[in-house]
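Notes follow the structure.
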Amino acid sequence: MNNFLTSIQDVFEGQIDFHGQRIAELLSTAFLIVSGVAAFLTGYIYQDIHLTLWVGLWGTLTAGLTIIPSWPIYNRNPEKWLVTLAGSASSARVMVDGVKVI
């Protein structure tokens, strides 16, 4: 049960790595271009502006639901920011919320 809650918490925290940001940017661009072209073609073929707007809205919502939550695919390559180096000063201490990190 704890693993399930941890995975849900990870989704809502919004942490993604740099590679995940690149994937999210590419997906959002692709979704919006495809939905824009599909909306334009649908509206042109059926000569209906309302249908054009609905198809565009559907594409935008789909892109939003795919991109906005931080899915685990966006955090597969996390950066290690605090790396201990061999030969570094042993007196260096980093405290985060009362917990010693290094």
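The numbers here are math on the coordinates, done by the rules we state, and not lab data. The structure presented is a predicted model; accordingly, all values stated were derived computationally and were not measured. When we count neighbours, we look across all protein chains shown, and the Cβ atoms used for this are built from the backbone with ideal geometry, even at glycine.
Some observations on this one:
- All positions within the stretch 13-60 that are charged (D, E, K, R), outside any helix (DSSP H, G or I) and in contact (Cβ under 8 Å) with a residue 40 or more places away in the chain: D17
- All positions within the stretch 1-52 that are over 21 Å from the mean Cα position of the chain (by Cα) and of a type in the set (V, I, T): V37, T42, I45, I49, T52
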